[in-house]
Amino acid sequence: MFTQIKHGALLCVAGLLCACSNLEEQPVAPSHQEVIEVTPPISENERSAGPGGGVIMQAFYWDVPAGGNWYNTIKSKISDWDAAGISAIWLPPVSKAMNGPYSMGYDPFDYFDLGEYNQMGSVETRFGSKNELISLINTAHNKNIQVYADIVINHNSGGALENNPFTGTKTYTDYNPASGKFFRSAGDFHPNNYANNDQGVFAGFPDLSHSVPYVQGWLWKNSNSVAKYYKNVIGFDGWRFDYVKGFGGWVVRDWVNEVGGFAVGENWDGNANNLKNWVNSTNRKASAFDFACYYKLDEAFDGNDLTKLNADMLWKRDPSKAVTFVSNHDTDIIWDKMHAYAYILTHEGYPTIFYRDYEEWLNKDKLKNLIWIHRNLAVGNTSILHVDNDEYIARRNGNPGIVVYLNDSGSWVERWVQTNWNSIRIKDYTGNSSWEPVTQGNGWVKIQCPPNSYTIWSRM
């Protein structure tokens, strides 16, 4: 949550164009092409923005500039992000934290101080004032962009020292927020009269106890709870729950049952089955970040072995509950990012773009192209058509659908594939190939891909 892994240089993969003749008359295609079906099919969901669904922008990175201007910075990006096809933004934790004007928000102190009370060394948070936050959210809503709040409820920080009858020691569990809401003391943390512990403690911070009715009331149940204040007053549309390994899935379930909204949990686990089990523990009220996919993308593209893409991932088990990503504020291990974005923006799941990848590190036009393809063409369940060390080809089976071809080798490659389009001219919507072949009556067609690049085919 706090540790960021950075790399010094990013490998931006450039597509090489090749002028090749159209394939008007094609021989009979081979009949032994391997087809691996991925199940289950994705379901329709409320996040849909275009036939292929929406795209999240993570609208921050670790240690964004301090000084209280980040909300205004994001506000200035909204029009461009809207034009690019972004349908939701994920903001950093908005409440006043222990480190005041320098905090990234993951050490929460006063959940109701969104940058308006003079405490912890400042009035504003690192990101700005409450009014600037509301202005940002309104600007996003005017563009039909949803806004997700980062919710940190496993632990708190910044409490005063007090005698703790449950430990027999002094602990930093005395919280007297300037907002006058959600005062806390030793009995609201573990251990207490209700529970000695829950699923996990983070970094030695006081561990907030969700078993305590008073805590439940202030977090989500009361009419003036954190959840209802953020949603009904401030205007948030959904939730990103931080460090969900630290508390039961029932907490997220009850939160969403109480106030609604999209929800995704940070369950940092590369095992797809564990991710699926956590989603189920919320009664499927929440999605999960697909860390299983994330680690396999790194192994596949940085390890030059695309057979790793055959591995188990949450999106293959439960695509409507998988939030896919290539990088975030905590971890940034993938170097070959354009291949990785080409994968998540053509496959099932709810893809996330990382702010620095879009605004600073990668080719913005290429990302915009992939976002457009995702929203307009990448429809239906997935069939994996071919995988080897260097090549990966998959088909989305909806309407219009796509065929995505990833090439991790240093040479041009070509391959016959079976599409769902019969006797139809197709083209590569990335512009990396100039071919415009016509599929055979049975749907077979030869496609190509440049060195170390990708092509994405659909009907014209």
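Structure summary
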{"item": "Qualifying positions in segment 193-230 - over 16 Å from Arg253 (Cα atoms), open to solvent by 40 Å² or more (accessible area, probe 1.4 Å) and among the small types (Gly, Ala, Ser)", "result": "Ala203, Gly204, Ser223"}
{"item": "Matching residues, segment 262-277, being open to solvent by less than 20 Å² (accessible area, probe 1.4 Å) and either closer than 15 Å to Pro319 by Cα or touching an Asp or Glu at 6+ places or on another chain (Cβ under 9 Å) (or both)", "result": "Phe262, Ala263, Val264, Gly265, Glu266, Ala272, Leu275"}
{"item": "Count - residues of segment 376-415 that are assigned to a helix (DSSP H, G or I) and free of Cβ contacts under 8 Å to residues at least 40 places away in the same chain", "result": "0"}
{"item": "Residue count, segment 323-366 (criterion: within 15 Å of the chain's Cα centre (by Cα) and without any contact (Cβ under 8 Å) to a residue 40 or more places away in the chain)", "result": "5"}
{"item": "Criterion (out of contact with any strand residue (DSSP E or B) (no Cβ under 8 Å at 6 or more places or on another chain) and at pLDDT below 95) met by exactly one of Gly217, Gly204", "result": "Gly204"}
{"item": "Residue check, Phe182 in a loop (DSSP other than H, G, I, E, B), of a type outside the set (Gly, Ala, Ser) and within 33 Å of the chain's Cα centre (by Cα)", "result": "yes"}
{"item": "Per-region count, segment 236-254, residues over 20 Å from the mean Cα position of the chain (by Cα) and open to solvent by less than 50 Å² (accessible area, probe 1.4 Å)", "result": "4"}
{"item": "So Ile151, is it touching a Ser or Thr at 6+ places or on another chain (Cβ under 7 Å) and open to solvent by less than 10 Å² (accessible area, probe 1.4 Å)", "result": "no"}
{"item": "Residue list for segment 416-427, filter: open to solvent by 60 Å² or more (accessible area, probe 1.4 Å) and either touching a His at 6+ places or on another chain (Cβ under 7 Å) or assigned to a strand (DSSP E or B) (or both)", "result": "Gln418, Arg425, Lys427"}
{"item": "Selection status of Glu124, farther than 28 Å from Leu345 by Cβ, touching a helix residue (DSSP H, G or I) at 6+ places or on another chain (Cβ under 9 Å), in the same structural domain as Gly204 (by the TED database) and surrounded by 19 or more Cβ atoms within 10 Å (Cβ to Cβ)", "result": "yes"}
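The values are calculated or read from the model by the stated rules, or taken from the named source; none is laboratory data. Computed from a prediction, not measured in an experiment: that's the story for all the values here. Counting neighbours? That spans all protein chains shown, and the Cβs are built from the backbone with ideal geometry, glycine included. Note: accessible area is taken over every heavy atom of the protein model, side chains too, but ligands, DNA and RNA are not part of it. Shrake-Rupley method; radii C 1.70, N 1.55, O 1.52, S 1.80 Å.
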